[in-house]
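*Asks:* Supplied in structure tokens, the structure appears directly below.
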Amino acid sequence: MKTILKIKNLHVSVKDESPEGHCKAILNGINLSISSGETHVLMGPNGSGKSTLSYVLSGHPDYKVTAGSVLFKGQNLLSLTPDARAAAGLFLAFQAPIELPGVNNANFLKTAVNSVRKARGQEELDSLKFLKLVKETAKKLSFSSDMLKRNVNVGFSGGEKKRNEVLQMSLLHPSFAILDETDSGLDIDALRVVAEGVKSLKSTEFSSLIITHHQKLLDYIRPDYIHVLAKGRIIHSGGPELSKRIEKEGYSRLLGEFDA
Amino acid sequence: MPNMLTDHKSQNSNSSIQKKSCKNFKKNLNKLSEFLRKNKLPSSKDDSWKYSNLSWLKQINFTYNTQFNYTYLEHWVYTLIKENNLETLPRLVCVNGHIVKPLTTLLDSSKLTVDLDAQPYSDSINNEANFLNEVNLICSDALIEFKVKKNTQAGTILILNLGKPLDSNPIAFHPRFQWILEENSTLSILELNIGEGTYFNNPVRQIFLKKNSCLEFNNFINPSPSSYLCSNFFVKLAEQARYKQFLMTKEAKFARQEVNVKLLGEWSETLFRAIQILNTHQHSDITTHFIHEAPHCTSFQNVKNILSERSKGVFQGKVCVKRQAQKTNAEQQNQTLLLSDQAEIYTKPELEIYAEDVKCSHGATVGALDDEQLFFLMSKGIPYPQAKQILTNAFVVEAIDYITDPLAKEFFNKHLNTEILEGL
């Protein structure tokens, strides 16, 4: 299988909030390879750097890569702007989706879809074709059309915001998606809908990196690999059985093994 | 009223109308020169001119040759109304300060009477100590009056206020309008101020709203980048009258919109919203002066600025509540989005309250685009310029939501590209 994402010795810092603006190292040498068609899961204690990794891969300007490289489909991902990364096929489902007062959700989705289509050399969708597509996709995700009429994420419940992220993912056809705790705050039915949404994209052309704390989502999605991130590094990798072990033992034993 | 009423023939020949007009222009030019010689321009010591400077008025040699090319104008007008789906609206076409009769369909309206040589409804406005109003009084050729009869719902009308010099010489014109809405009448005006080349347009609008009448006035100020547009609005409201104004300023090199409102009758209401979207070295000023003279009245002002490059925005808003105006409810807000380190905003909200039982507030905020919102949009594939546009539009779109007139709302949404997808 073709390697889609190759992270090599990635070191990342972020400016802390001190008046001097000191840099604080968050990631200290991440190595990770993901091939097309694979589903990887990233677990780890709070503050270990999971969300930082997702932001760095998506191009958030607050994070500074101090060493290492990231190749996405063979090209230097770190040299691309966030929109170019999305056009290249990378998608980030936000842990805390941003509210955009004054921006209509359907208009935002249409702009995003057509921006990506244009960058990929595909024909842009007119309003009629887009509406047909968005209605069909929203229906599959039990996403009410009322939420398409509202402003992006404004007044949405936690679950609705996450479903909106999955709707965006379905519409943008990424080849690699990072889902940052998309399952958090979801009730059991919403979790099933989100999991179905992710599963529906699963193919040999689609890979994903799922950041989660919970076994429940993994029961639906059935990942290929599980990695544990702690202290800014991947300290342990394994198969799907690893999540059961973590659920039983927590992270302390793995951390102890790593420190030893 | 021949000199204000331009017909097709007069533009294509040396007709008597044109000759007479030229005579008037010369007369007006002399009057203005004399006025400027005798009177000092308002200076920064003048409270209402603290941040805007009229020195260009003396520096630029404005001529009064306000002739225009009719064929060009006709094409311009029909393209404008077609592109904006405004063909169905009764319209008044005013170019370089002249009403162009062949392109105007409003004069035959059964719901509205138009007098092209009216007498002032009230002298009080003529006597206002207001520099540009005085310039207008001296230079305007006539007062054009629009009147909506008692108990009449006059619908929506379109005013095209166009400016275009015939050659490279800058021109100036000073139209003067009077709007009277009789008891229980309603009217909605969509006014587009559009132009090409260098010109100075100094319109004055006197508005009298009788008991329980309602006027919605939506103004689009988008003349040429080298134009100067200074408008004065003088509005007087009788009891239960309602005045709702929306104003969007773009493009002008120098713009000043001065809105003077007097709430004279009980339970009258004024809602004023404005947006200034400026770039390059543009200077745009919105100055308001709302006076509450009767009890139980409401006024609301919200001015939003989006300033890029080296543009300069000004908002001076004054609310004065007289002693007898108990139970007044007045609110004033000014919000600015600064998109450049070189852009400047000058904001001066003022409350002058003499009554005891009132609810008055004012506030001003200045900020930049939210980086997290920008990143969110870009991470979904939207390039930076578009993401920035989406967020700046989002900042002002709320003001458009409050427009009641569906055609005006559609026009402004189309202009800002904030139309909502239909059919969901």
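The values are calculated or read from the model by the stated rules, or taken from the named source; none is laboratory data. Owing to the predicted nature of the structure, the values given are computational and were not obtained by experimental measurement. Neighbour counts run over all protein chains shown; Cβ positions are idealised from the backbone, glycine included. These area figures cover heavy atoms from the full protein model, side chains too; ligands, DNA and RNA do not enter into them. Shrake-Rupley method; radii C 1.70, N 1.55, O 1.52, S 1.80 Å.
*Asks:* Which strands (runs of 3 or more DSSP E) sit wholly inside the stretch B:82-185 and have at least 2 residues that are open to solvent by 30 Å² or more (accessible area, probe 1.4 Å)?
*Replies:* B:112-115, B:153-163
*Asks:* Here's something else I'd like to know. Quick check on the stretch A:164-185. Is at least one of its residues within 14 Å of another protein chain (Cβ to nearest Cβ), among the aromatic types (F, W, Y), assigned to a strand (DSSP E or B) and surrounded by 21 or more Cβ atoms within 10 Å (Cβ to Cβ)?
*Replies:* Looking for residues that are within 14 Å of another protein chain (Cβ to nearest Cβ), among the aromatic types (F, W, Y), assigned to a strand (DSSP E or B) and surrounded by 21 or more Cβ atoms within 10 Å (Cβ to Cβ), one finds at least one in the stretch A:164-185, hence yes.
*Asks:* Also: Taking the options B:I353, B:I403, name whichever one is touching a helix residue (DSSP H, G or I) at 6+ places or on another chain (Cβ under 8 Å) and either among the basic types (K, R) or closer than 26 Å to B:V261 by Cα (or both).
*Replies:* One residue alone meets the criteria, B:I403.
*Asks:* Just checking, does the stretch A:5-20 include any residue being touching a Phe, Trp or Tyr at 6+ places or on another chain (Cβ under 7 Å), open to solvent by less than 10 Å² (accessible area, probe 1.4 Å) and away from chain B (no Cβ under 14 Å)? Step through it out loud before you land on a result.
*Replies:* Quick first cut of the stretch A:5-20, residues touching a Phe, Trp or Tyr at 6+ places or on another chain (Cβ under 7 Å) only: A:5, A:12, A:14.
Then keep just the ones that are open to solvent by less than 10 Å² (accessible area, probe 1.4 Å); that gives A:5, A:12.
Add one more test, that the residue is away from chain B (no Cβ under 14 Å), and what stays is A:5, A:12.
Yes: the stretch A:5-20 contains one or more residues that are touching a Phe, Trp or Tyr at 6+ places or on another chain (Cβ under 7 Å), open to solvent by less than 10 Å² (accessible area, probe 1.4 Å) and away from chain B (no Cβ under 14 Å).
*Asks:* In the stretch A:4-40, how many are touching an Asp or Glu at 6+ places or on another chain (Cβ under 8 Å) and either more than 20 Å from A:D180 (Cβ to Cβ) or free of Cβ contacts under 8 Å to residues at least 40 places away in the same chain (or both)?
*Replies:* The total comes to 6.
*Asks:* Let me spell it out: the conditions are (1) in contact with a Pro (Cβ under 7 Å, 6 or more places away or on another chain); (2) of a type in the set (G, A, S); (3) at positive phi, and A:S58 meets all of them except one. Which number is the exception?
*Replies:* It is condition (3) that A:S58 fails.
*Asks:* Looking only at residues that are assigned to a loop (DSSP other than H, G, I, E, B) and of a type outside the set (D, E, K, R) in the stretch B:298-324, which one is farthest from the chain's Cα centre (by Cα)?
*Replies:* B:Q324
*Asks:* For the stretch B:365-421, list the helices (runs of 4 or more DSSP H) that sit wholly inside it and hold at least 2 residues that are within 9 Å of chain A (Cβ to nearest Cβ), free of Cβ contacts under 8 Å to residues at least 24 places away in the same chain and over 24 Å from the mean Cα position of the chain (by Cα); which are they? Full working, then the answer.
*Replies:* Working: elements: B:371-379, B:384-401, B:406-416.
Here the list reads B:371-379, B:384-401.
*Asks:* Of the residues A:Y220, A:Y225, A:Y251, which is surrounded by fewer than 18 Cβ atoms within 10 Å (Cβ to Cβ) and either at negative phi or modelled with pLDDT of 85 or more (or both)?
*Replies:* Matching residue, one of A:Y220, A:Y225, A:Y251: A:Y220.
*Asks:* Kindly check whether there is at least one residue in the stretch A:218-236 that is assigned to a helix (DSSP H, G or I), small (G, A, S) and more than 30 Å from A:R120 (Cβ to Cβ).
*Replies:* Scanning the stretch A:218-236, I find no residue that is assigned to a helix (DSSP H, G or I), small (G, A, S) and more than 30 Å from A:R120 (Cβ to Cβ), so the answer is no.
*Asks:* Are there any pairs, at least 6 apart or on different chains, whose C-beta atoms fall under 9 Å, with the first in the stretch B:179-203 and without any contact (Cβ under 8 Å) to a residue 60 or more places away in the chain and the second of a type in the set (D, E) and open to solvent by less than 40 Å² (accessible area, probe 1.4 Å), and if so, which?
*Replies:* B:W179/B:E145; B:I180/B:E145; B:T186/B:E216; B:I189/B:E216; B:I189/B:D405
*Asks:* Moving on to the next point. Filter the stretch A:77-94 for residues that are more than 9 Å from chain B (Cβ to nearest Cβ), surrounded by 19 or more Cβ atoms within 10 Å (Cβ to Cβ) and under 17 Å from A:S51 (Cα atoms) and give the result.
*Replies:* Result: A:A93, single match.
*Asks:* Please give the number of the condition A:H213 fails out of (1) at pLDDT below 90; (2) part of a helix (DSSP H, G or I); (3) closer than 30 Å to A:V12 by Cα.
*Replies:* (2)
*Asks:* Within the group B:T113, B:T79, B:T88, B:T104, which residue is polar (S, T, N, Q), more than 27 Å from B:S185 (Cβ to Cβ) and more than 19 Å from the chain's Cα centre (by Cα)?
*Replies:* Values: B:T113 fails: more than 27 Å from B:S185 (Cβ to Cβ); B:T88 fails: more than 27 Å from B:S185 (Cβ to Cβ); B:T104 fails: more than 27 Å from B:S185 (Cβ to Cβ).
Testing whether each residue is polar (S, T, N, Q), more than 27 Å from B:S185 (Cβ to Cβ) and more than 19 Å from the chain's Cα centre (by Cα) leaves just B:T79.
*Asks:* Just the residues that are at pLDDT below 95, at the interface with chain B (Cβ under 7 Å from one of its Cβ atoms) and either assigned to a loop (DSSP other than H, G, I, E, B) or surrounded by fewer than 16 Cβ atoms within 10 Å (Cβ to Cβ) (or both), please, taken from the stretch A:95-134.
*Replies:* Residues satisfying the conditions are A:P101, A:S127.
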